[in-house]
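Heads up: the structure comes next, in structure tokens.
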Amino acid sequence: MLMKAVRVGLGQLVIAGDFLTRPSKKKRSPEAQAAVEASAKALTLYQFHACPFCVKTRRALRRLNVPVALRDAKNNEPDRQALLSGGGRIKVPCLRIEEEGQTVWMYESKVIVDYLEKRFSSV
């Protein structure tokens, strides 16, 4: 019980820290931003709200100004089952990428952030 309280407390600190130090969004022309938004429709991030690695990934999405659908794999059972059946395990963050009829489940915050940087930083 004590460990759960500590975990919840630390989670709230992570969320507060993220809120207080949130990065500003990348500025783009309206046309470029529309292209990013259209491209981002193929992406979905499965995450836990207070997970530090998920926070890192969401911060990158915000900094790059990429609006991605977020799925709560902790508190939403259908999202959790979709992650398990599609990705093969309950591990977050996980970015689902749907392109050219293929679905890729990308795990690990560093890998996801690197992918997002390569795909969206120059747009």
Provide a single number: the residues in the stretch 100-120 that are surrounded by 15 or more Cβ atoms within 10 Å (Cβ to Cβ) and in a helix (DSSP H, G or I).
7
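Does Val66 satisfy being within 21 Å of Val104 (Cβ to Cβ) and either outside any helix (DSSP H, G or I) or in contact with a strand residue (DSSP E or B) (Cβ under 6 Å, 6 or more places away or on another chain) (or both)?
Details: within 21 Å of Val104 (Cβ to Cβ): yes; either outside any helix (DSSP H, G or I) or in contact with a strand residue (DSSP E or B) (Cβ under 6 Å, 6 or more places away or on another chain) (or both): yes.
Considered against the rule, which asks whether it is within 21 Å of Val104 (Cβ to Cβ) and either outside any helix (DSSP H, G or I) or in contact with a strand residue (DSSP E or B) (Cβ under 6 Å, 6 or more places away or on another chain) (or both), Val66 comes out as yes.
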Checking Arg89 against (1) more than 18 Å from Ser39 (Cα to Cα); (2) in a helix (DSSP H, G or I), which single condition isn't satisfied?
(2)
Can you tell me which residue within the stretch 16-33, out of those that are part of a loop (DSSP other than H, G, I, E, B) and charged (D, E, K, R), is surrounded by the fewest Cβ atoms within 10 Å (Cβ to Cβ)?
Lys27
Name the residue, out of Thr44, Thr103, that is touching a strand residue (DSSP E or B) at 6+ places or on another chain (Cβ under 9 Å), hydroxyl-bearing (Ser, Thr, Tyr) and under 21 Å from Val123 (Cβ atoms).
Thr44
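Is it true that Val123 is farther than 19 Å from Gly17 by Cβ and either at pLDDT below 95 or part of a helix (DSSP H, G or I) (or both)? Step through it out loud before you land on a result.
Numbers: farther than 19 Å from Gly17 by Cβ: yes; either at pLDDT below 95 or part of a helix (DSSP H, G or I) (or both): yes.
Here the answer is yes, as Val123 does meet what is asked.
Here is a yes/no grid of residues against (1) surrounded by 17 or more Cβ atoms within 10 Å (Cβ to Cβ); (2) assigned to a helix (DSSP H, G or I):
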| site | (1), (2) |
| --- | --- |
| Ala35 | no, yes |
| Ala50 | yes, no |
| Cys54 | yes, yes |
| Glu98 | no, no |
Could you list, in sequence order, all residues of the stretch 56-114 that are more than 30 Å from Leu20 (Cβ to Cβ) and touching a Leu at 6+ places or on another chain (Cβ under 9 Å)?
Arg89, Ile97, Glu98, Val104, Trp105
So which pairs qualify, if the first residue must be in the stretch 106-123 and without any contact (Cβ under 8 Å) to a residue 40 or more places away in the chain, the second must be among the charged types (D, E, K, R), the Cβ gap must be under 7 Å, and the two must be at least 6 apart or on different chains?
Tyr107/Lys91
Quick one: would you say Arg7 is part of a helix (DSSP H, G or I), of a type in the set (Lys, Arg) and touching a strand residue (DSSP E or B) at 6+ places or on another chain (Cβ under 8 Å)?
no
Unmet criterion (only one of (1) modelled with pLDDT of 95 or more; (2) in a loop (DSSP other than H, G, I, E, B); (3) not acidic (Asp, Glu)) for Leu61:
(2)
Options Leu83, Leu70, Leu45, Leu61: the member that is free of Cβ contacts under 8 Å to residues at least 40 places away in the same chain and buried (at least 18 other Cβ atoms within 10 Å of the Cβ):
Leu83
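The values are calculated or read from the model by the stated rules, or taken from the named source; none is laboratory data. Note that this is a predicted model, so its numbers are computed, not measured. Cβ sites come from the backbone with ideal geometry, for glycine too, and all protein chains shown count toward neighbours.
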